[in-house]
Amino acid sequence: MSHFSPTAAVSYFFNYFLMKGVLVTIGLTVAAVVGGLILGMGIALLRMSSNPLLAGAARFYIWFFRGTPLLIQLVVIYSGLPQLGIKFSVITCALVGLILNEAAYLAEIVRSGFMAVSAGQREAAWALSLSPWVTFRRVTLPQAFRLMIPPLGNSINSLLKATSLASVISVEELMRRSDMLMQEHFQILEVYAAATAYYLILTSAWDALQRRLEKHFGRSSAAKTRRVAASAPVAQASVEARA
Amino acid sequence: MSEISMTTAEAATVQPQLREVPAVRMEAVYKHYGDFTALNEVDLKVSKGERIVVCGPSGSGKSTLIRCINHIEKHDEGLIYVNGIELDRQRKNIDAVRRDTGMVFQSFNLFPHMTVLENCILAPMTVNGLSEAEARDLAMHFLTKVRIPDQAEKFPGQLSGGQQQRVAIARALCMRPKIMLFDEPTSALDPEMVKEVLETMKKLAEEGMTMVCVTHEMGFAREVADRIVFMNEGKVVEQAAPEEFFKHPKSERARTFLDQIIH
């Protein structure tokens with residue numbers, strides 16, 4: 001077999017078995033984003049806490065999960081934990097691994113978003129005697145979220161592709177099902193061309209969605225917020241005094 | 001009678017205290033940032049309805065002083081009372097003081113993701129429990145007062161600096177504060193926008209609002225202030241009526257300061 005068959009590639013693209021794998025990939029991604037965001041938000045709040053113990057625990061979590069490969073985390077959860085009597089289904093293992101890992105990245109994104117909201121915003125909220133909850137919900141969170149969208153988009157793009165690692169622990173997502181088709185028919189290029197096309201479609205769709213989100217949440221800042229002079233020189237004082 | 005020997009200046013300062021609690025009372029207040037002493041044994045009393053201008057060179061502690069009044073900056077030592085409520089770190093006291101005080105910042109600090117109107121109604125609705133209709137009426141009342149009711153649906157980023165600062169004043173007034181604090185409200189503005197903000201502040205002063213303003217606008221100080229508080233190196237160096245302060249500054253530091261800023 002020394003040629004590439006476009007028709008075979010197209011037929012793999014419309015292969016029902018492969019399509020179901022695409023759905024699993026999408027499902028894994030969505031679940032990991034939702035779970036990762038919730039967990040990541042919690043970890044970010046701990047990390048920003050003034051309690052050194054809580055902040056330290058959050059820092060350790062982030063250090064650990066960002067410092068080790070997702071592949072090892074998945075294998076340990078799937079094959080390692082049963083040694084200690086902890087056993088999950090394949091799909092649960094994949095979700096636990098992906099969520100724990102994604103949360104570490106998202107926590108840092110959430111934290112940087114909040115840190116980028118200027119101190120003046122919080123001071124204005126205090127001066128208006130807004131409650132901490134209203135300050136968070138109405139003042140800091142919406143502004144932080146807008147700043148989080150670009151890095152969030154990046155992270156979700158990576159996550160979408162990282163779900164392919166779940167194939168190693170035999171989750172039948174897009175990558176794993178491509179492998180299975182390939183082993184059955186030995187049309188390596190044709191099968192992976194179809195899989196590649198699917199990954200490109202998914203990442204492109206996410207790109208488009210992200211752009212719409214950015215546009216939607218950026219609407220109020222469309223007009224440039226005026227930069228405030230860094231300092232107020234004394235020389236600016238009015239001239240008319242002592243006339 | 002002994003009262004006869006009392007000068008008019010003394011009578012003016014003594015009488016209000018006899019009748020009512022001062023708007024602000026600071027006693028031996030200290031604030032440190034590491035090794036730096038931002039406030040060094042500051043005593044200050046502001047009577048109700050009084051208009052105070054705080055001035056002094058950069059780093060003299062004037063912003064820190066005003067920010068301690070509504071506890072945005074926490075003082076390290078000393079006593080601060082606002083309308084008789086002690087800022088003793090109890091949450092309910094801090095909240096009560098903040099409800100009584102409005103603050104206008106150098107950099108406006110409007111919420112950029114909310115319209116002008118939304119900026120104005122957030123606190124009245126969530127803190128004072130007004131309905132949206134009531135809060136809107138209130139907001140439009142004060143936006144009219146600062147002469148920008150037509151900008152209510154715009155976002156802060158679409159307004160000029162002067163307009164933004166007037167919105168910030170309206171937003172603070174919507175909480176019906178008893179004391180207004182201004183922290184260099186015109187320092188970040190382009191020169192042609194300074195006047196409209198100062199005019200708004202003058203109008204507020206004419207209505208009898210208690211005001212503490214940190215500003216370099218000496219024309220405003222001369223025209224509006226009842227008293228000038230001059231600070232240097234974290235201390236209140238002198239306090240006097242504007243006439244007195246500009247004509248006969250007592251301290252050497254105030255003299256050099258005035259020479260530098262008044263051309």
With an 8 Å cut-off on Cα pairs and a minimum separation of 6 or more residues, tell me the relative contact order of region A:8-226 in percent.
31
To the nearest 10 degrees, the tilt of helix A:174-185 (Cα long axis) against the first principal axis of the alpha carbons of chain A is 20
So if I place +1 on the C-beta of Lys and Arg and -1 on the C-beta of Asp and Glu, and nothing else carries charge, what would the dipole magnitude of chain A be about its Cα centre? I want it in debye, nearest 20.
1040
Looking at chain B, what % of its DSSP beta bridges pair antiparallel, to the nearest 5?
55
Please determine, in degrees from 0 to 90 and to the nearest 10, the orientation of helix B:8-19 with respect to the longest principal axis defined by the Cα atoms of chain B, where the helix direction is its Cα long axis.
60
Estimated [θ] at 222 nm from DSSP helical runs (n ≥ 4, -39500 (n - 2.57)) normalised by residues in chain B, nearest 500:
-12000 deg cm²/dmol
Here the whole-number average of other chain Cβ atoms within 10 Å per Cβ of B:105-117 is 6
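From Cα pairs below 8 angstrom and at least 6 apart in sequence, can you work out the relative contact order of chain B, rounded to a whole percent?
In percent, rounded to a whole number, it is 25.
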Taking amide H atoms as placed 1.01 Å from N in the peptide plane, list the residues 5 or more away in sequence, or in a different chain, whose amide H sits under 5 Å from that of B:Met180.
B:Gly102, B:Thr210, B:Met211, B:Val212
For region B:227-234, in order, what is each residue's ³J(HN,Hα) by Karplus, 6.51 cos²θ - 1.76 cosθ + 1.60 with θ = phi - 60°, in whole Hz (x at glycine and Pro)?
8, 9, 10, 9, 10, 8, 6, x
May I ask which residue of B:Phe155, B:Met193, B:Ile52 lies farthest towards the positive end of the charge dipole of chain B, with charges of +1 (Lys, Arg) and -1 (Asp, Glu) on Cβ and the Cα centre as origin?
B:Phe155
For B:Arg255 paired with B:Asp137, estimate the spin-label separation in nm (one decimal), with each label point 7 Å from Cα along the Cα-to-Cβ line.
5.8
So what's the gap between the Cα centers of region B:192-209 and region A:190-209, to the nearest angstrom?
61
Once you charge only the Cβ atoms, +1 for Lys and Arg and -1 for Asp and Glu, what is the size of the charge dipole of the protein assembly as shown about its Cα centre, to the nearest 20 debye?
920
Inter-part gap, Cα centre of region A:37-78 to Cα centre of region B:78-149, in whole angstrom, is 38
Reachable lysines, given that their alpha-carbon falls under 29 Å from the alpha-carbon of B:Lys247 and they are not under 8 places away in the same chain:
B:Lys45, B:Lys48, B:Lys62, B:Lys195, B:Lys202, B:Lys203, B:Lys235
Note, A:Tyr61: beta-carbon cut-off 14 Å, +1 each Lys/Arg, -1 each Asp/Glu, net +2
Dipole-positive endmost among A:Gly80, A:Ala119, A:Ser49 within region A:8-226 (Cβ charges, Cα centre):
A:Ala119
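Taking 0.36 nm per intervening residue step and subtracting the Cα-Cα distance, what contour gain separates A:Phe60 from A:Trp133 on full extension?
23.6 nm
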Using alpha carbons only, how many degrees (0 to 90, rounded to 10) separate the axis of helix B:91-100 from the longest principal axis of chain B?
80
Area hidden from solvent between A and B (accessible, protein heavy atoms only, 1.4 Å, total, Å²):
3600
Mind giving me the FRET efficiency for B:Glu233 and B:Lys178? R0 is 22 Å, r the Cβ-Cβ distance, nearest 0.05 is fine.
0.10
Taking a ≥ b ≥ c as the square roots of the eigenvalues of the Cα gyration tensor, with a/c under 1.5 meaning rounded and otherwise prolate when a/b exceeds b/c and oblate if not, region A:8-226 is oblate
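The values are calculated or read from the model by the stated rules, or taken from the named source; none is laboratory data. Note that the coordinates shown come from a computational prediction; the quantities given were computed from them, not determined experimentally. Virtual Cβ from ideal backbone geometry, glycine too; neighbours counted across all protein chains shown. The protein model used for the area step is the full one, side chains on, heavy atoms only, and it has no ligands, DNA or RNA in it. Shrake-Rupley method; radii C 1.70, N 1.55, O 1.52, S 1.80 Å.
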